[in-house]
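The structure under discussion appears below in the form of structure tokens.
The values are calculated or read from the model by the stated rules, or taken from the named source; none is laboratory data. None of these values were measured; they are calculated from a predicted model. A quick note on method: Cβ atoms are made from the backbone with ideal geometry, for glycine too, and the neighbour counts reach across all protein chains shown.
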Amino acid sequence: MSAGQPMVKAEKVWKSFGKLDVLKGVDFDVMPQETYVLLGPSGGGKSTLLRCINHLELINAGRLWVAGELMGYRQKGAVLHEMKARDVAKQRSHVGMVFQRFNLFPHMTAIENVMEAPVRVQHVPRKQAEAEAEELLRRVGLGEKLDTYPAQLSGGQQQRVAIARALAMKPKLMLFDEPTSALDPELVGEVLDVMKQLAVDGMTMVVVTHEIGFAKEVADGVALMDGGVIVEDGPPLDVLVNPKEERTKLFLSKVLA
Amino acid sequence: MDASNRYDGQAPPAGADLPAPAGPRPDSIKAIPIRHWGRWISAAIVVYLMAALVYSFVKNSNVEWPVVWQYLFAPLTMRGLALTIELTVISMIIGAAGGVLLAVMRLSDNPVLSGIAWVYIWFFRGTPVYVQIILWANLGVFYPKLIVGLPFTGIVFGSTDSGTLVARIIVPAILALGLNEAAYAAELVRAGIISVEAGQNEAALSLGMSPTLTMRRVVLPQAMRVIIPTFGNETISMLKTTSLIAAIGGLEMFGRLQAVYSQTFQIIPLLVVACTWYLFLTSLLTVGQARLEAYFGKGFGEKEAEAAEKRAARRKARAHA
């Protein structure tokens, strides 16, 4: 990947569920090591866009590249060929994703959750994977909870395990789908702290969130999505402090009220 | 470090100023419990009637208790019992393996696979197992020869007489019971798979796990929690269904006892023997089922703290090894 190449590039991405158009031509770039925050009202298409990036949802038109690779398709001349499940899996293994509802594997302990993909997908030797998983869990402040099942952990702890689990695959890109929306208010901070540290460490991140404070403090780029399009995007100080669009002003006035 | 302390029962972090409780812990409320007179009366009536029933059964001369004792542990009964257990185990293994395969086929987005599974389930669930048993036993009548080859081409790799194949009763018995069970197990497994949250699938896929790996490592283990109780039921049911093999002259326990009483007319005592053994075995299975449920419930049940400790110990043991 050349230096000037974006980590994520979306070009006129269009997605519909039946007759309902959820994304109506979305364009954006995220450069390596950037944190890009998607804001906007529910149903605006933010989560769908995120799920399209790692091909959990298939787009109907447009193009999506991650690290210069077209997601889910192989292009030969002007013709697109669908990728086999195995090749899609390989692409996804470079993109970490963190979900609103954590989605930890409930039948595995914290460390087993983190080790699972490295051992089974990347065939990392067990001992090494275990050492790395332990290190990752320590980094997210859960060094004491290695052998704990998800059901015994608080929401904030579960989400931090989920972040560690995604990081264990050494992804080039991390996607966060409302990572703090299902948390008790007093637990939001511990998850945001981990994400801030990741941004500082140079991880490329696309974050769907309602945490305006996080966007202001950490984001390199902010986009406001509504009605399946990006209404306004730019550096956080422009979009969040001096928005140009009326829609953005309205959204911010409601969120910050 | 964080607010999680209220979840694991440790002391609050130093410096956290919680208000003091309003004095020492008070005594629990002492109240006269509600008296359930209706329950006592109905229990007495039930005990009275049960006693009468048991008495009439034990004292019934038609039961012929000496005959019951004579056959309860007789070598004939034991040999039959062995076959009953063998049939149950083999049929359930075929049923379980076939059921998982059929369920995965049924849920596959490949229309050929899901179609084959649909037809299979349609046929085996749609015909009585009793009829299937007799059908397999008579395989030789409508397909005298079984041929492995390419249809319509005359190319034959090998063939066998189906009469000799099904002459040993255990072959049609296992075929009928196992293949029939697979159809039912498929529906159980499918229900179990569907019950696993969609987010689990997505989380696994997003980690780069292939659909097959996701099924094996993430979805099926969680589906097991739903499947095991019903599968235990199926095993109990299978144990009893093996008695239908008597219809084709099978020498499992009931078949053997039936062969005896059709000549000696000691019908009632031998039926008591059969029921006793079936009850004993199904009771054993019930205990085994409870154990399995506990195992597959890990991470869900109230005993997760205990399970977590075991995991930690095992991991440490491995690390030192």
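The set of residues from region B:205-230 being in contact (Cβ under 8 Å) with a residue 12 or more places away in the chain, over 12 Å from A:PHE105 (Cβ atoms) and among the charged types (D, E, K, R) comprises just one member, B:ARG225. Scanning region A:118-155 for residues that are more than 20 Å from A:LEU198 (Cα to Cα) and either under 19 Å from the mean Cα position of the chain (by Cα) or of a type in the set (Val, Ile, Thr) (or both) yields a count of 4.
Each row is one residue, and each column tells you yes or no for (1) of a type in the set (A, V, I, L, M, F, W, C); (2) within 16 Å of A:GLY45 (Cβ to Cβ).
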site: A:LYS172; (1), (2): no, no
site: A:VAL188; (1), (2): yes, no
site: A:MET195; (1), (2): yes, no
site: A:GLU211; (1), (2): no, no
site: A:LYS216; (1), (2): no, no
site: A:LEU224; (1), (2): yes, yes
site: A:GLU232; (1), (2): no, yes
site: A:PRO235; (1), (2): no, no
site: A:ASP238; (1), (2): no, no
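Restricting attention to region A:117-149, the residues that are under 24 Å from B:ASN201 (Cβ atoms), part of a helix (DSSP H, G or I) and either at the interface with chain B (Cβ under 7 Å from one of its Cβ atoms) or of a type in the set (Lys, Arg) (or both) total 2.
For region B:192-203, filtered to residues that are more than 7 Å from chain A (Cβ to nearest Cβ) and of a type outside the set (A, V, I, L, M), the residue that is farthest from A:VAL161 (Cα to Cα) is B:GLY192. Answer yes if at least one residue in region A:161-183 is over 27 Å from A:THR209 (Cβ atoms) and surrounded by fewer than 24 Cβ atoms within 10 Å (Cβ to Cβ), and no otherwise. So far as region A:161-183 goes, no, none of its residues is over 27 Å from A:THR209 (Cβ atoms) and surrounded by fewer than 24 Cβ atoms within 10 Å (Cβ to Cβ). Scanning region A:151-160 for residues that are in a helix (DSSP H, G or I), surrounded by fewer than 23 Cβ atoms within 10 Å (Cβ to Cβ) and within 8 Å of chain B (Cβ to nearest Cβ) turns up A:ALA151, A:GLN152. Count of region B:74-116 residues, restricted to those that are outside any helix (DSSP H, G or I) and loosely packed, with under 13 Cβ neighbours inside 10 Å, is 2. Counting residues in region A:169-177 that are of a type in the set (Phe, Trp, Tyr) and either farther than 14 Å from B:ALA203 by Cα or more than 10 Å from chain B (Cβ to nearest Cβ) (or both) gives one or more. Going by what's in this entry, would B:VAL171 be described as β-branched (Val, Ile, Thr) and surrounded by 17 or more Cβ atoms within 10 Å (Cβ to Cβ)? It is false that B:VAL171 is β-branched (Val, Ile, Thr) and surrounded by 17 or more Cβ atoms within 10 Å (Cβ to Cβ). If I filter region A:235-257 down to residues being more than 16 Å from A:GLU217 (Cβ to Cβ) and in a helix (DSSP H, G or I), which single residue comes out as farthest from the chain's Cα centre (by Cα)? Selected residue: A:GLU246. Residue-level analysis places B:LEU179 among those that are more than 10 Å from chain A (Cβ to nearest Cβ), of a type outside the set (Lys, Arg) and surrounded by fewer than 20 Cβ atoms within 10 Å (Cβ to Cβ).
Being surrounded by fewer than 24 Cβ atoms within 10 Å (Cβ to Cβ) and among the charged types (D, E, K, R) is a description that applies to A:ARG63. When A:LEU104 is tested against (1) of a type in the set (A, V, I, L, M, F, W, C); (2) touching a residue at least 60 places away in the same chain (Cβ under 8 Å); (3) more than 8 Å from every other protein chain (Cβ to nearest Cβ); (4) touching a helix residue (DSSP H, G or I) at 6+ places or on another chain (Cβ under 6 Å), only condition (3) is not met. Would you call B:ILE267 of a type in the set (A, V, I, L, M) and crowded, with 19+ Cβ neighbours inside 10 Å? In short, no. Figure legend. Inter-residue proximity from region A:176-200: first residues modelled with pLDDT of 95 or more, second residues assigned to a helix (DSSP H, G or I) and among the acidic types (Asp, Glu), beta-carbon distance below 8 Å, spacing 6+ or different chains. Indicated pairs: A:LYS196/A:GLU217.
Okay, residues lined up against (1) within 30 Å of A:GLU112 (Cα to Cα); (2) among the aliphatic types (A, V, I, L, M):
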position: B:ILE174; (1), (2): no, yes
position: B:ALA191; (1), (2): yes, yes
position: B:VAL226; (1), (2): yes, yes
position: B:ALA246; (1), (2): no, yes
position: B:GLY255; (1), (2): no, no
position: B:PRO269; (1), (2): no, no
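Can we say B:THR235 is polar (S, T, N, Q), closer than 20 Å to B:ILE94 by Cβ and either touching a Phe, Trp or Tyr at 6+ places or on another chain (Cβ under 9 Å) or modelled with pLDDT under 90 (or both)? Judged against the criteria, B:THR235 is not a match.
Against the conditions (1) surrounded by fewer than 16 Cβ atoms within 10 Å (Cβ to Cβ); (2) in contact with a Gly (Cβ under 8 Å, 6 or more places away or on another chain); (3) within 14 Å of chain A (Cβ to nearest Cβ); (4) not basic (Lys, Arg), where does B:SER206 fall short? Just the number, please. With respect to (1) surrounded by fewer than 16 Cβ atoms within 10 Å (Cβ to Cβ); (2) in contact with a Gly (Cβ under 8 Å, 6 or more places away or on another chain); (3) within 14 Å of chain A (Cβ to nearest Cβ); (4) not basic (Lys, Arg), B:SER206 is out only on (1).
Hey, among the residues in region A:59-76 that are touching a residue at least 40 places away in the same chain (Cβ under 8 Å) and in a loop (DSSP other than H, G, I, E, B), which one's farthest from A:MET31 (Cα to Cα)? Among those that are touching a residue at least 40 places away in the same chain (Cβ under 8 Å) and in a loop (DSSP other than H, G, I, E, B), it is A:ASN60.
Residue count for region A:82-97 satisfying the condition of being over 13 Å from A:ARG51 (Cα atoms), facing chain B (nearest Cβ under 7 Å) and not aliphatic (A, V, I, L, M): 3.
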